Amino acid sequence: MEIHLVPAFSDNYIYLLRDSSSGAVGVVDPSDANPVIEALDRRGWTLTHIFNTHHHNDHVGGNHALKTRTSATVIGARADAARIPDMETCLGEGETISFGSQTAQVLFVPGHTSGHIAFWFSETKAVFCGDTLFALGCGRLFEGTPAQMWSSLKKLRALPDDTRVYCGHEYTLSNARFAVTVEPDNQDLQARAKEIAAKRERGEPTIPTTIGEEKRTNPFLRADVPEVQAAIGMAGADPVEVFAEIRRRKDNF
């Protein structure tokens, strides 16, 4: 499956997908229809699927225009049926959807919003996780609790290490600056922070990352790691409480 990054607004990423064996073409979280239409026209592709991870307008704002133009099937969380424009196919935890010859499994990952889902293409080794998991970060808790978000992050963390992570925003540089304050002695993190700074200086995206890389360096996935707990003065504490403290610090960073 081909995956192409389509930048939108100041820091959003839209993802254009194509299954070469069937010709199916999908878009993940189309915040704005215009760059999607431009990317489709440039390649001569016809959109067939619109995947939405959650209802925020900077992820679904292009739904109606794309649906009107292409008649693509709009897919999202059953829990968000009333909040996602033009949605037709409603899915929940553990359900699957075919995309040409590919199959996506739905993971229910609330916390950022109450109805957030992710799409995991196991054969392609890719997960589209919206604003639940970021490179070196996680989403703000607008509608969920720390316990919900920690559970969601653990679900994503359990995916194979070589799973590529496609998230909703280019927040990695600021996330890295925060992460090193949490775990300054993590050498993998220090090396990654330098690499990220160099990429952004060159104007390059930092996405995708991988689950394995996030497990080694993302403090929000490491709330149950003794070194992280000790580093923030919470050795032996409940990981949910540790996660909540890390999230609180990031909110005030």
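Table: residues versus (1) in contact (Cβ under 8 Å) with a residue 60 or more places away in the chain; (2) assigned to a loop (DSSP other than H, G, I, E, B).
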{"residue": "Ile50", "(1), (2)": "no, no"}
{"residue": "His54", "(1), (2)": "yes, yes"}
{"residue": "His59", "(1), (2)": "yes, no"}
{"residue": "Ala65", "(1), (2)": "no, no"}
{"residue": "Thr68", "(1), (2)": "no, no"}
{"residue": "Gly76", "(1), (2)": "no, no"}
{"residue": "Ala79", "(1), (2)": "no, no"}
{"residue": "Ala82", "(1), (2)": "no, yes"}
{"residue": "Met87", "(1), (2)": "no, yes"}
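Taken as a whole, the structure leaves Ala147 outside the set of residues that are more than 19 Å from the chain's Cα centre (by Cα) and not acidic (Asp, Glu).
The helices (runs of 4 or more DSSP H) located wholly in segment 134-253 that include 3 or more residues which are open to solvent by less than 10 Å² (accessible area, probe 1.4 Å) and in contact with a strand residue (DSSP E or B) (Cβ under 7 Å, 6 or more places away or on another chain) occupy 146-157.
Checking each residue in segment 89-111 for being in contact with an Asp or Glu (Cβ under 9 Å, 6 or more places away or on another chain), in a loop (DSSP other than H, G, I, E, B) and open to solvent by 10 Å² or more (accessible area, probe 1.4 Å) picks out Gly100, Ser101, Pro110.
Of a type outside the set (Ser, Thr, Tyr) and under 30 Å from His55 (Cβ atoms): is that true of Ala193 in this structure? No: the conditions fail for Ala193.
The values are calculated or read from the model by the stated rules, or taken from the named source; none is laboratory data. All figures in this text were calculated on a predicted structure; none of them were measured in a lab. Neighbour counts are summed over all protein chains in view; Cβ atoms, including those assigned to glycine, are modelled from backbone coordinates with ideal geometry. To get the accessible areas, we keep the full protein, side chains included, count just its heavy atoms, and leave off ligands, DNA and RNA. Shrake-Rupley method; radii C 1.70, N 1.55, O 1.52, S 1.80 Å.
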